[in-house]
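Asks: Please see the structure below; I have some questions.
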Amino acid sequence: MTETKSSNEEKKSISFVEQLIEEDLAAGKNGKRIQTRFPPEPNGYLHIGHAKAICMDFGIADKYNGVCNLRFDDTNPSKENNEYVENILNDISWLGFKWGNIYYASDYFEKLWDFAVWLIKKGLAYVDEQSSEEIAKQKGTPTEPGTPSPYRDRPVEENLRLFEKMNTPDAAEGSMVLRAKLDMANPNMHFRDPIMYRIIHTPHHRTGTKWHAYPMYDFAHGQSDYFEGVTHSVCTLEFVPHRPLYDKFIDFLQEKDQQNVYRPRQIEFNRLNLTYTMMSKRKLLALVEEKLVSGWDDPRMPTISGMRRRGYSPESIKNFIGSIGYTKFDALNDMALLEAAVREDLNKRATRVSAVINPVKLTITNYPEDMTEEMEAINNPEDENGGTHTITFSRNLWIERDDFMEDAPKKFFRLSVGREVRLKNAYIIKCTGCTKDDKGNITEILAEYDPTSKSGMEGANRKVKGTLHWVSRDHCHKAEVRIYDRLFNVENPSADERDFRELLNPDSLQILQECYVEDYLKTKKPGEYLQFQRIGYFMADLDSTIDHLVFNKTVGLKDNWAKQSGK
């Protein structure tokens, strides 16, 4: 009885995509074989929306002992290059997934061409010499049938000759397209004689100038699935109306091959949308090309490389995607949910270190001038095997300016004249006063320490209400710290009709030049997760050098953004 209940609960917890796959397995479809694919177009860097598809495609293959292949949809050479290919490979590997094989749509250009010729010979495709505007006008509306092209019934031999001409340098771009002859009255607009091939003279990143006629996505995608043996083609909801065309071309391929044993199945799920975030690769490319961001890996960008540079862990991204799930309805997910997943994961793995990003001097007047001590600091209290490191304590320290108030209210539990606080891993101190410049700005805080209150001593048990972090002024390094905010000012920039450039947040990047970090951080490199105690999670930036340390703020210790924005 208990086993049945457990089985039912497990069944309820799986996604609808997995339910459909399990139904196919139970029915013995495709020999109970599972094969998926992740098919990015190499025309930009992957973003977190792609990460959701990656988790689904690779996750299904892993769960059901199948294989997930990586296939680059490289059918538009005017927008694609090898830089994008290399970064896609890097991003998928960083997320922790392994592909079975690497394919390219260009691997199938010969097969696709032969299939197109077969369709022409069967009277199912024709060359149209109208302009794109004329073709669009003749398609009609979802409630009104389209108008047939004047070239729809041209002879097969003429179509074959013109199709061959399309694949030569002599054919002008836009002068001809190859269209499938389907149904100009079909309520599904994608069925109204869709374009299969167009002319592009830009050299291809793999095939060079061999081809001048290139297949459209709807013609190349399903056929590539079929050629590879994909059993489940999982994609996002915008491809729901494309599915009948996907299936129709598979019907034609099965007729051509005279077999119907194997058939891929297209399943659609909701795409990932985030507040204050833009997912359009075209617009992200514009941000990069117009230098509105520093590059595809700018830490404000929703790209996987940007999130990696900012300090997100692959586990946090995957945990977030798992938490929002897969449905058949599009939704706008709160960025705070992603940041909470990042915060939760980094709490387990980040090394605790000391850094002061808004410094003011603290001088302990009764501490010997020529004396220093090495204080033991726990690297991560969440990890019993995380070890420790030492931080140098001295008479002259830096603390956060916000941690001192000359005339403080009762509920201010940090440093104030006449009050005591503990310096983390060190001593209890009592403020005795401060000095100011001629404008009234505090330049130095003065205090005395209790020599019996060092952490670990018997006197350390004396309780005080505040604990402050610090770094020694004589044993630290100056650093640049970059603080990030939302890239866009509006909650849903994708739905805003204004130019997306007008929606950018002018305060999305704040650079702090006068920061100080403990010696231990000089050795830290990009990829090492850090927690600046009492401030937030950080990571060394790619720009960081031993002579100029640079750190990116990944996320704060708490979600203060919603409170500040009035949400």
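Asks: Would you please classify the overall shape of the chain from the alpha carbon gyration tensor, given that a ≥ b ≥ c denote the square roots of the eigenvalues, rounded means a/c under 1.5, and beyond that prolate means a/b larger than b/c while oblate covers the rest?
Replies: The shape class here is prolate.
Asks: Going by amide H atoms built from the backbone, whose H comes under 5 Å of the H on residue 530, apart from near neighbours?
Replies: Residues meeting the amide H criterion: 351, 538.
Asks: Tell me the mean residue ellipticity at 222 nm calculated for the chain from its helices only (DSSP H runs of n ≥ 4, each -39500 (n - 2.57), averaged over every residue, nearest 500).
Replies: After summing the helix terms and dividing by residue count, I get -8500 deg cm²/dmol.
Asks: What does the accessible area per residue of the chain come to in Å², with a 1.4 Å probe and no ligands, DNA or RNA counted?
Replies: I get 47 Å² per residue for this part.
Asks: Next up: Rank 342, 288 by accessible area, highest first, at a 1.4 Å probe radius?
Replies: 288, 342
Asks: Take the solvent-accessible surface of the protein heavy atoms, probe 1.4 Å, and return the percent of it on the chain that carbon and sulfur atoms account for.
Replies: On the chain, the fraction of accessible area on carbon and sulfur atoms equals 47 percent.
Asks: Name the long-range amide H neighbours of residue 274: under 5 Å, sequence gap of 5 or more, or other chain; modelled H, no Pro or chain starts.
Replies: Residues meeting the criterion, in which the H sits 1.01 Å from N, are 333.
Asks: For the chain, what does the relative contact order come out to in percent, with C-alpha contacts under 8 Å and a separation of six or more?
Replies: Normalised by residue count, the contact order of the chain is 12 percent.
Asks: While we're on this one: ³J(HN,Hα) across segment 95-111 via Karplus (A = 6.51, B = -1.76, C = 1.60, θ = phi - 60°), whole Hz, x for Gly/Pro?
Replies: These are the phi-based 3J(HN,Hα) values: 5, x, 10, 10, 8, x, 9, 10, 10, 9, 4, 5, 4, 10, 4, 5, 5 Hz.
Asks: What chymotrypsin sites (Phe, Trp or Tyr not before Pro) does segment 401-509 have in DSSP loop regions with at most 16 other beta carbons within 10 Å?
Replies: 412, 413
Asks: For segment 466-504 and segment 58-73, what is the centre-to-centre distance using only Cα atoms, to the nearest Å?
Replies: After rounding, the separation between the Cα centres reads 36 Å.
Asks: Starting from the Cα gyration tensor of segment 473-563, take the square roots of the eigenvalues, sort them a ≥ b ≥ c, and report rounded, prolate or oblate (rounded when a/c is under 1.5, otherwise prolate if a/b is larger than b/c, else oblate).
Replies: Prolate.
Asks: Pairs of Cα atoms under 8 Å, at least six residues apart: use those to get the relative contact order of segment 204-327, whole percent.
Replies: Taking the mean separation of contacting Cα pairs over the length of segment 204-327, I get 19 percent.
Asks: Separate question: Using a Cα-Cα cut-off of under 23 Å, which lysines could be cross-linked to residue 137, ignoring same-chain neighbours fewer than 8 residues away?
Replies: Partners within reach: 181.
Asks: Ok, one more. To the nearest 20 Debye, how big is the dipole of segment 423-521 about its Cα centre, given +1 on the beta carbon of each Lys and Arg and -1 on that of each Asp and Glu?
Replies: 620
Asks: Hey, another quick one. Would you mind checking which residues have amide H under 5 Å from residue 196's amide H? H placed 1.01 Å from N; only 5 or more apart, or other chain.
Replies: The list, which skips near neighbours in sequence, is 178, 179, 180.
Asks: Give the percent of DSSP beta bridges with both residues in the chain that are antiparallel, rounded to the nearest 5.
Replies: Restricted to the chain, the bridges split so that about 65 percent are antiparallel.
Asks: Anything over 27 Å Cα to Cα? Flag those among 32/248; 436/478; 281/348; 361/424; 63/318, in the order listed.
Replies: Over 27 Å apart, Cα to Cα: 281/348.
Asks: Using only Cα atoms and rounding to the nearest 10 degrees, what angle (0 to 90) does helix 2-13 make with the longest principal axis of the chain?
Replies: Helix 2-13 and the main axis of the chain meet at about 80 degrees.
Asks: Right, next: In µm²/s, what is D for segment 291-382 at 4 °C and 1.567 mPa s, where D = kT/(6 pi eta Rh) by Stokes-Einstein and Rh is the Kirkwood radius from Cα pairs?
Replies: Rounded to a whole number, D works out at 75 µm²/s.
Asks: Continuing with the same structure: For segment 175-196 and segment 517-543, write down the distance between their C-alpha centroids in whole Å.
Replies: Segment 175-196 and segment 517-543 have Cα centres spaced 56 Å from each other.
Asks: May I pose another question? Using each residue's phi in segment 81-93, evaluate 6.51 cos²θ - 1.76 cosθ + 1.60 at θ = phi - 60° and report the 3J(HN,Hα) Karplus result to the nearest Hz, with x for Gly and Pro.
Replies: Using θ = phi - 60°, the values come out as 7, 6, 4, 5, 4, 5, 6, 5, 4, 5, 5, 5, 5 Hz.
Asks: Quick check: Cα centre of segment 288-307 to Cα centre of segment 83-126, how many Å?
Replies: Taking the Cα centre of each part, segment 288-307 and segment 83-126 sit 27 Å apart.
Asks: Shifting gears a bit: For segment 274-290, list residues with backbone N below 12 Å from a point placed 7 Å from the Cα of residue 501 toward its Cβ?
Replies: 286-290
Asks: DSSP loop (so not H, G, I, E, B), at most 12 other Cβ within 10 Å: list which GluC sites (Glu not before Pro) in segment 274-339 pass both filters.
Replies: 290
Asks: Is the C-alpha gyration tensor of segment 44-115 telling us rounded, prolate or oblate? Criteria: a/c under 1.5 is rounded; beyond that, a/b larger than b/c is prolate, otherwise oblate.
Replies: It comes out oblate by the Cα gyration axes.
The values are calculated or read from the model by the stated rules, or taken from the named source; none is laboratory data. The structure presented is a predicted model; accordingly, all values stated were derived computationally and were not measured. As a convention, Cβ positions derive from the backbone with ideal geometry for all residues, glycine included, and neighbour counts pool all protein chains shown. Side chains are part of the model used for accessible areas, which takes the heavy atoms of the whole protein and leaves out ligands, DNA and RNA. Shrake-Rupley method; radii C 1.70, N 1.55, O 1.52, S 1.80 Å.
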